[in-house]
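Computed from the coordinates by the stated procedures, all read-outs in this text should not be read as laboratory data. In this text the structure is predicted, and so the values were computed from the model without any measurement. Glycine also receives a Cβ, built like all others from the backbone with ideal geometry; neighbour counts cover every protein chain displayed.
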Amino acid sequence: EDALRLEKVSKTYGDKVRVAALDDVSLALPYGTFTAVMGPSGSGKSTLLNTASGLERADSGRILIGGQEFDTSDETAATRFRRGRVGFVFQAFNLLPTLTVWQNVLLPARIAGITVDKRRARQVLDRVGLSDRLNHRPAELSGGQQQRVAIARAIVTRPALLFADEPTGALDSARAAEVLVLLGEAVREYGQTVVMVTHDPVAAAYADRVLFLADGRIVDEMRAPEATGVA
Ligand code: ADP
Ligand code: ADP
């Protein structure tokens, strides 16, 4: 059983000019793997992430998370299905500006009805290097720190599957490296499965598998050699 499975998934936009954003994509991602998705602008990377996570509906094909197919036609049911199973990290950190770091990490889970162990939350914040920033608000933090809050928020409930769309897109290379190391740790230490869209080959090098998209299809794929593993 895979963390994520796509079977012949297609998605087309537009009524008059039909644009195939995803064209018959099949994919299996085992648990505890780190996959990067690359490809030119418009190749379908975001559509892949959004349909795989059920944020957007595919036109055809099957999507299974943890071996279970879920009903993307029912938004409430899809949200309930994702809860605790799926986490998201975006390029724009999407933190709540009036809340502290601690609240930003704990509140979304609490609203979703997930009980988060406070000790675990403190461990995660310690791990992302924010233990001394718990009562700061996002505006008082650097971009890298804000993204680390977003990652803490995404992993605090230990979702088996973590989707990251350009998580380092707004960061300089040093801050980007910190974030990538954290994602790698989520994979290797907690067995989480990460799917990361990136334009940056340096970022993609942290993954153990790189998929290349073009015109909505997976046209190439690369695996990291076992010996080197994740950087
Ligand atoms: P990428 O993330 O690789 O840049 P996208 O998944 O955003 O690619 O887009 C794939 C294709 O689908 C592009 O041709 C894009 O123009 C089209 N597309 C994406 N989202 C929409 C939308 N909401 N409406 C119409 N076309 C869209
Ligand atoms: P509840 O609302 O469930 O009572 P709180 O979030 O108010 O939970 O706080 C409960 C515990 O969470 C505190 O005793 C403390 O251990 C931890 N905690 C809360 N806020 C912070 C913070 N800003 N920094 C560190 N730990 C905190």
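Distance from the alpha carbon centroid of the range 2-16 to that of the range 84-110 works out to 27 angstrom. Calculated FRET efficiency, A205 to S73, Cβ-Cβ distance, R0 = 25 Å: about 0.05 to the nearest 0.05.
Considering only G169, G67, G54, the mean-square fluctuation computed in a Gaussian network model of the chain, springs between alpha carbons under 10 angstrom, is largest for G67. With both labels modelled 7 Å from their Cα along Cα-to-Cβ, the D24 to S173 distance reads 4.1 nm.
Taking each DSSP H run with n ≥ 4 as -39500 (n - 2.57) and averaging over every residue of the chain yields -9000 deg cm²/dmol at 222 nm. What the phi angles of the range 167-179 give under the Karplus curve with 6.51, -1.76 and 1.60, with θ = phi - 60°, is a coupling list of x, 10, x, 9, 10, 6, 5, 5, 5, 4, 4, 4, 5 Hz, glycine and proline written as x.
Just check the chain against the gyration tensor rule for me: Cα atoms, a ≥ b ≥ c as the square roots of the eigenvalues, rounded for a/c under 1.5, and otherwise prolate or oblate depending on whether a/b exceeds b/c.
Numbers: a/c = 1.67, a/b = 1.39, b/c = 1.21.
Prolate is the answer for the chain, as a/c is 1.5 or above and a/b outweighs b/c.
Note on the chain: dipole from Cβ charges, positive end direction compared against F90, G129, Y31; the farthest Cα belongs to G129.
Any chance you could count the Lys pairs in the chain whose alpha carbons are under 25 Å apart, treating pairs 8 or more apart or on different chains as valid?
Values: K8/K16; K8/K45; K11/K45; K16/K45.
Pairs that pass both the separation and distance tests number 4.
The simple spin-label model puts a point 7 Å past each Cα toward its Cβ; for E185 and E7 those points are separated by 3.8 nm.
What size of dipole, in debye to the nearest 20, comes out for the range 108-184 about its Cα centre when the only charges are +1 on Lys and Arg C-beta atoms and -1 on Asp and Glu C-beta atoms? Write out the running numbers ahead of the final one.
Working: 12 positive and 8 negative charges, 94 e Å.
About 460 debye.
Between A174, A139, A28, the GNM of the chain built on Cα springs shorter than 10 angstrom shows A174 fluctuating the most. Charge tally around T168: other residues with Cβ under 12 Å, Lys/Arg +1 each, Asp/Glu -1 each, net -3. Here each label is just a point 7 Å from Cα along the line to Cβ, and for R119 and L99 those points are 2.4 nm apart. Taking amide H as placed 1.01 Å from N in the peptide plane, H136 has its amide H under 5 Å from the amide H of V101, W102, each at least 5 places away in sequence or on another chain. Note on the range 126-160 and the range 172-231: Cα centroid distance 20 Å, given to the nearest whole angstrom.
Taking GluC sites (Glu not before Pro) as exposed when their DSSP state is a loop state and no more than 11 other Cβ atoms lie within 10 Å, the longest site-free interval of the chain runs over 2-225.
Can you give the net charge of the other residues whose Cβ lies under 15 Å from the Cβ of A204, counting K and R as +1 and D and E as -1? Walk me through the numbers on the way to the answer.
Working: positive: K45, R209, R223; negative: D165, E166, D200, D208, D220, E221.
The answer is -3.
Compared with the dominant Cα axis of the chain, that is its longest principal axis, helix 118-127 is turned about 80°.
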